[in-house]
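Reading through the structure tokens given below for one structure.
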């Protein structure tokens, strides 16, 4: 849902047809099931449609002559769906916790049900390059207030060793100290460095967690892709963050491999991995490529997107 909100579809404010888009084959009967395993626990999340009160049994009376004016859409069993219901199950050390949550409209406002005893232990966020750029001033201020900006500068210096410091100005601009007589607005240093900084700052704010980046190469010049990946690799290590990124660009895949090799990482450490999703016989399957397989694929010009 968040991914599509980033792409311009707002489900919570949308109509029934937009709610339908997240269900397999556009059918509400295909409830969503997500399962995950970690070292400490197993989780399941079931997502199903929330229906307006009284929508299970609706009857309407009209004259025969009115039939030709009635849209078939008004006869849909799914038209009263207005939100989502979540069933959460967490099994840890042989004990299972069950939680329920929901979000749906009540008049002109939205009602959200959150379990009282539920405590989220995963520190994660999902962004795209545009949203990361929008959130840059706020995220940067958080790091400055908590005295963590020096580690962001440390990562940036791996990309550009002339950067001595990053400073948030009172005029809502972000400035770089490059050792000159005055600070330089980051805007004049190129769009690439701004986007890279926004990703690094996001990663820094989710220390010991996960950052999901949708369409990571979006809006980035191909010459900046290697710089971006180098910065992300450095930031992920500095702040102990696992990165999940999607792309449709082969140049982006090549940039990942070249940046990792350029960073002189030990072979076989399995710190990067690529997953290709293929459809076969109506089913989607995921195929994994480790560092060595990525190298072979790129050298032989295999299609791995």
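Summary table
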| read-out | value |
| --- | --- |
| Options 245, 231, 235; residue that is touching a strand residue (DSSP E or B) at 6+ places or on another chain (Cβ under 8 Å), assigned by TED's automatic domain parsing to the domain that holds residue 152 and either under 27 Å from residue 209 (Cβ atoms) or at pLDDT below 85 (or both) | 245 |
| Selection within the stretch 214-235 - free of Cβ contacts under 8 Å to residues at least 40 places away in the same chain, part of a helix (DSSP H, G or I) and over 16 Å from the mean Cα position of the chain (by Cα) | 222, 223, 224, 225, 226, 228, 229, 233 |
| Any chance residue 195 is in the same structural domain as residue 128 (by TED's automatic domain parsing), in contact (Cβ under 8 Å) with a residue 24 or more places away in the chain and not in a loop (DSSP other than H, G, I, E, B) | yes |
| Residue that is farthest from residue 126 (Cα to Cα), among those in the stretch 236-245 that are surrounded by 16 or more Cβ atoms within 10 Å (Cβ to Cβ) and under 17 Å from the mean Cα position of the chain (by Cα) | 236 |
| The stretch 109-134, subset in contact with a helix residue (DSSP H, G or I) (Cβ under 7 Å, 6 or more places away or on another chain) and farther than 30 Å from residue 92 by Cα, residue surrounded by the most Cβ atoms within 10 Å (Cβ to Cβ) | 132 |
| Residues that are surrounded by fewer than 16 Cβ atoms within 10 Å (Cβ to Cβ) and within 23 Å of residue 2 (Cβ to Cβ), drawn from the stretch 247-264 | 248 |
| Total residues in the stretch 288-304, condition farther than 19 Å from residue 271 by Cβ and touching a strand residue (DSSP E or B) at 6+ places or on another chain (Cβ under 7 Å) | 0 |
| Residue in the stretch 131-147 that is in a strand (DSSP E or B), in contact (Cβ under 8 Å) with a residue 24 or more places away in the chain and under 30 Å from residue 40 (Cβ atoms) present | no |
| Residues being at pLDDT below 85 and touching a helix residue (DSSP H, G or I) at 6+ places or on another chain (Cβ under 7 Å) - total across the stretch 269-290 | 1 |
| Only listed residue being modelled with pLDDT of 90 or more, closer than 29 Å to residue 92 by Cα and surrounded by 10 or more Cβ atoms within 10 Å (Cβ to Cβ), chosen from 37, 31 | 31 |
| Filtered residues of the stretch 272-292 (kept if more than 12 Å from residue 257 (Cα to Cα) and outside any loop (DSSP other than H, G, I, E, B)) | 275, 276, 277, 278, 279, 280, 283, 284, 285, 286, 287, 288 |
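The values are calculated or read from the model by the stated rules, or taken from the named source; none is laboratory data. Quantities reported herein were computed from a predicted structural model and do not represent experimental measurements. All Cβ positions, even for glycine, are placed from backbone atoms using ideal geometry, and neighbour counts span all protein chains on display.
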